[in-house]
Amino acid sequence: MITDDRRLLPTTVDAIKQATQKGIKVALITGRPLVSTQQYLEQLGLSNQDDQYVAIFHGGMITSTSGKIVAKNTINFEDIAKIEKFSHTAIQGQRIFMMAQTAEDAYTTDSDINLYATLESYKNKLPIHYRTFEQLQELSQKKDFLKLMFAAEPQVIEKLQSNIPKEYYENLSITRSEPYYIDFVSKSVNKGWAINQISKKLDIKPEETMAIGDSDPDIPMIKYAGIGVAVKESTPKLLEVADVITESNNGDGVGKAILRFVINRSKR
């Protein structure tokens with residue numbers, strides 16, 4: 001939806017506002033934290049509403065834009081501890097940075113923050129707090145951890161991913177939205193589940209929905225929707241499952257898809 005430099009383009013803003021004026025619901029479903037969505041919700045006129053929704057961390061938490069929690073799937077501390085220990089073994093001394101994320105903050109046991117973690121914090125307005133392992137365990141009794149993220153050079157993330165034991169996939173959903181990040185969330189969490197939950201809340205059938213994405217974590221959402229749209233330069237796997245390909249994120253692809261299929265009601 002946003003450009004590479006994290007802006008909303010005018011056609012996209014106008015198309016979404018036209019859609020909402022017609023009574024059509026527009027939900028943001030993202031792998032990012034809640035705080036990172038606020039400026040876009042405000043620009044789109046979607047903020048502070050009981051019947052407009054946003055899903056964060058690939059569906060780890062769904063809330064109304066007024067802040068009412070609809071659904072939440074946390075990652076337990078036992079899994080966090082297991083993955084944290086495994087990560088150091090898997091990459092054999094190479095640098096990697098771990099973040100256990102809540103809706104508003106990130107916590108780490110690493111005192112030496114790397115470039116990619118800094119970028120994640122800056123882009124998403126997400127504060128990172130250092131805690132010892134024992135403090136993090138104590139904190140898990142008070143806060144809901146929704147996502148565990150590792151940030152590192154792409155080849156380090158690739159090495160980590162290739163060594164993940166098969167049994168980890170029994171309790172966790174593991175995705176990469178960027179080459180230098182890997183995300184661990186609850187097994188039941190994905191963007192397809194998120195759009196399904198929001199649709200049920202609004203009494204909307206799957207065939208009455210449209211989803212737009214660009215990366216592999218978007219695949220379950222694209223498959224669920226009546227019309228699954230990929231922007232140009234999406235990942236190869238997403239392009240394979242999409243019903244339609246629109247312009248790139250820098251070319252107002254989201255806005256053009258909404259105008260074509262929602263406002264003007266064109267057929268695929």
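The values are calculated or read from the model by the stated rules, or taken from the named source; none is laboratory data. Predicted model only: the values in this text are computed from it and were never measured. Neighbour counts run over all protein chains shown; Cβ positions are idealised from the backbone, glycine included.
Scanning the range 178-215 for residues that are basic (K, R), under 23 Å from S234 (Cβ atoms) and over 11 Å from the mean Cα position of the chain (by Cα) gives no hits.
The requirement of being touching a Phe, Trp or Tyr at 6+ places or on another chain (Cβ under 9 Å) and either part of a strand (DSSP E or B) or within 13 Å of K147 (Cβ to Cβ) (or both) is fulfilled nowhere in the range 39-52; no residue meets it. When you check Q135 against the structure, is it assigned to a helix (DSSP H, G or I) and either within 28 Å of N250 (Cβ to Cβ) or more than 20 Å from the chain's Cα centre (by Cα) (or both), yes or no? Considered against the rule, which asks whether it is assigned to a helix (DSSP H, G or I) and either within 28 Å of N250 (Cβ to Cβ) or more than 20 Å from the chain's Cα centre (by Cα) (or both), Q135 comes out as yes. When each of A81, A19 is tested for being part of a helix (DSSP H, G or I), at pLDDT below 95 and touching a helix residue (DSSP H, G or I) at 6+ places or on another chain (Cβ under 9 Å), the lone residue that passes is A81. For F86, the conditions (1) aromatic (F, W, Y); (2) surrounded by fewer than 16 Cβ atoms within 10 Å (Cβ to Cβ); (3) on the phi > 0 side of the Ramachandran plot are fulfilled apart from (3). Restrict the check to the range 55-66 and report whether at least one residue is touching a helix residue (DSSP H, G or I) at 6+ places or on another chain (Cβ under 6 Å) and part of a loop (DSSP other than H, G, I, E, B). Scanning the range 55-66, I find at least one residue that is touching a helix residue (DSSP H, G or I) at 6+ places or on another chain (Cβ under 6 Å) and part of a loop (DSSP other than H, G, I, E, B), so the answer is yes. Among the numbered conditions (1) free of Cβ contacts under 8 Å to residues at least 60 places away in the same chain; (2) surrounded by 22 or more Cβ atoms within 10 Å (Cβ to Cβ), the only one that E138 does not meet is (2). Of the helices (runs of 4 or more DSSP H) lying entirely inside the range 211-265, the ones with 2 or more residues being surrounded by 18 or more Cβ atoms within 10 Å (Cβ to Cβ) and modelled with pLDDT of 95 or more are found at 219-224, 253-258. Close Cβ contacts (under 7 Å, 6 or more residues apart or on different chains) running from residues in the range 79-91 that are under 21 Å from E153 (Cα atoms) to residues that are among the aliphatic types (A, V, I, L, M) and assigned to a helix (DSSP H, G or I) comprise S87/L160; A90/L160; I91/V156; I91/L160.
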